[in-house]
1. Quick test for you: out of Leu44, Leu34, pick the one residue that is on the phi < 0 side of the Ramachandran plot and either among the acidic types (Asp, Glu) or outside any strand (DSSP E or B) (or both).
2. I'd like to know if region 5-27 contains one or more residues that are modelled with pLDDT of 95 or more, under 20 Å from the mean Cα position of the chain (by Cα), assigned to a loop (DSSP other than H, G, I, E, B) and not basic (Lys, Arg).
3. If only one of Arg234, Arg239 is basic (Lys, Arg), assigned to a loop (DSSP other than H, G, I, E, B) and crowded, with 16+ Cβ neighbours inside 10 Å, which one is it?
4. Could you list all residues from region 132-160 that are part of a loop (DSSP other than H, G, I, E, B) and either open to solvent by 20 Å² or more (accessible area, probe 1.4 Å) or more than 17 Å from Ile71 (Cα to Cα) (or both)?
5. Give the residue, chosen from Asp233, Asp218, Asp222, that is under 20 Å from the mean Cα position of the chain (by Cα) and modelled with pLDDT under 95.
6. If I go through region 253-296 residue by residue, how many of them are loosely packed, with under 15 Cβ neighbours inside 10 Å, aliphatic (A, V, I, L, M) and under 20 Å from Gly180 (Cα atoms)?
7. Filtering region 63-79 down to residues that are in contact (Cβ under 8 Å) with a residue 24 or more places away in the chain and more than 26 Å from the chain's Cα centre (by Cα), which residue is nearest to Arg8 (Cα to Cα)?
8. Exactly one of (1) within 21 Å of Gly41 (Cβ to Cβ); (2) open to solvent by 10 Å² or more (accessible area, probe 1.4 Å); (3) at pLDDT 95 or above; (4) among the aliphatic types (A, V, I, L, M) is unmet by Val201. Its number?
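The values are calculated or read from the model by the stated rules, or taken from the named source; none is laboratory data. All values reported here derive from a predicted model rather than from experimental measurement. Positions of Cβ are generated from backbone atoms using ideal geometry, with glycine treated the same way; all protein chains shown enter the neighbour counts. All accessible areas refer to the heavy atoms of the entire protein, side chains included, with ligands and DNA or RNA removed. Shrake-Rupley method; radii C 1.70, N 1.55, O 1.52, S 1.80 Å.
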Amino acid sequence: MKQSRVARLFGPKDLRVVNEDTPEPQGRECLVQLTRIGVCGSDLHYYLEGGIGTDRPTCPHALGHEPAGRIICESPAYPDLKAGMRVYVEPGESCGACEFCLRGDINLCPNVRFLGSCPIEGAFRDFMPHPGHLLIPLPDDLSDDAGAMLEPLAIAVHCMDLAHPRLGDRAAILGCGGVGLCVLQVLQAAGIYEILVYDPVLSRMERAVELGGTPLADLDSDQGVQLVFEATDRSSGPRMAVQIARPGATLILIGITDGNDYSFDAHVARRKGLTLKILRRSRNTTERALELVQAGLVQPEDIVSHHYDLDDIAQGFQDASSRIPGLTKAMIRVS
């Protein structure tokens with residue numbers, strides 16, 4: 001059987017590329033040759049800490065859930081999906097039968113099979129079988145980077161659904177990594193003209209300003225903002241969000257914290273009457289994210305700062321976790 005590459009996590013900070021038998025599609029699956037896979041903050045938590053919360057995969061484990069590629073083996077169950085077609089790979093397969101799926105909350109499905117999350121193998125590899133109904137064809141003029149960025153962009157669109165932004169609202173984004181910058185672009189597309197940005201990493205802050213954000217100079221501003229998107233990986237992030245929120249504001253908590261805890265002043269939050277919403281992935285927003293890209297309203301490929309070949313993925317993870325200057329989003333280039 002033909003061999004192909006898979007990047008596997010053998011333990012914290014131990015990421016290796018190994019050769020294995022190329023998997024064969026089964027049933028209603030197509031075989032996808034991956035081209036780009038984005039490195040997500042959750043991947044970095046697995047890399048640095050060996051898991052997220054109680055989610056501890058059995059190693060060696062393949063990570064990766066932001067993939068784009070091309071179909072190389074069709075499934076008769078999906079005649080419209082042809083070999084050679086470029087596709088975005090939707091990472092989550094919900095059960096479709098639980099109470100959450102039936103009411104449309106597929107992101108809350110307790111039975112979801114999500115790429116890279118224990119025990120489901122992820123996408124940092126050459127080839128991957130995937131159900132045909134989770135493959136979304138990409139337009140010819142859409143770059144591979146933009147295709148892979150549809151996953152964090154769909155999360156940003158879901159953030160808007162939770163936040164209900166209104167024209168004239170003043171927004172703030174704390175944390176200017178991949179998702180934070182996607183939120184910035186979607187806010188701009190929604191007509192929010194004043195977007196304050198903050199990141200403790202100066203180069204990320206500078207990139208957010210280049211993309212149209214305004215530096216948040218004073219975290220204790222009395223004026224406050226109506227919408228706060230907290231996308232850091234620090235337990236103190238929610239405390240900062242509460243500080244800068246105006247009374248009646250909405251806070252969307254996006255980031256996965258380093259200590260698996262949130263910390264904020266409950267008295268201040270209560271006095272301000274804040275609404276806190278915790279984001280869980282995306283909810284039926286991928287198609288809308290793609291429409292935004294096709295309409296030219298967002299340019300998610302502009303967020304990608306660094307590319308690494310699959311053979312160099314360990315260096316990419318080390319650079320991303322170390323937050324080297326200039327790195328906002330790392331993308332793994334496969335083929």
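1. Working: Leu34 fails: either among the acidic types (Asp, Glu) or outside any strand (DSSP E or B) (or both).
Residue meeting the stated conditions: Leu44.
2. No, there is no match, as no residue in region 5-27 is modelled with pLDDT of 95 or more, under 20 Å from the mean Cα position of the chain (by Cα), assigned to a loop (DSSP other than H, G, I, E, B) and not basic (Lys, Arg).
3. Details: Arg239 fails: assigned to a loop (DSSP other than H, G, I, E, B).
Result of the check over Arg234, Arg239: Arg234.
4. Initial filter on region 132-160 (part of a loop (DSSP other than H, G, I, E, B)): 138-143, 149.
If the condition is that a residue be part of a loop (DSSP other than H, G, I, E, B) and either open to solvent by 20 Å² or more (accessible area, probe 1.4 Å) or more than 17 Å from Ile71 (Cα to Cα) (or both), then Pro139, Asp140, Asp141, Ser143, Met149 are the ones that fit.
5. Details: Asp218 fails: under 20 Å from the mean Cα position of the chain (by Cα); Asp222 fails: under 20 Å from the mean Cα position of the chain (by Cα).
Result of the check over Asp233, Asp218, Asp222: Asp233.
6. Within region 253-296, residues that are loosely packed, with under 15 Cβ neighbours inside 10 Å, aliphatic (A, V, I, L, M) and under 20 Å from Gly180 (Cα atoms) number 1.
7. Within region 63-79, the first condition is being in contact (Cβ under 8 Å) with a residue 24 or more places away in the chain, and the residues that meet it are 63-75, 77-78.
Retained after the next criterion (residues that are more than 26 Å from the chain's Cα centre (by Cα)): 73-75, 77-78.
On the way: Cys73: 24, Glu74: 27, Ser75: 27, Ala77: 31, Tyr78: 30 Å.
Among them, the one singled out is Cys73.
8. (3)
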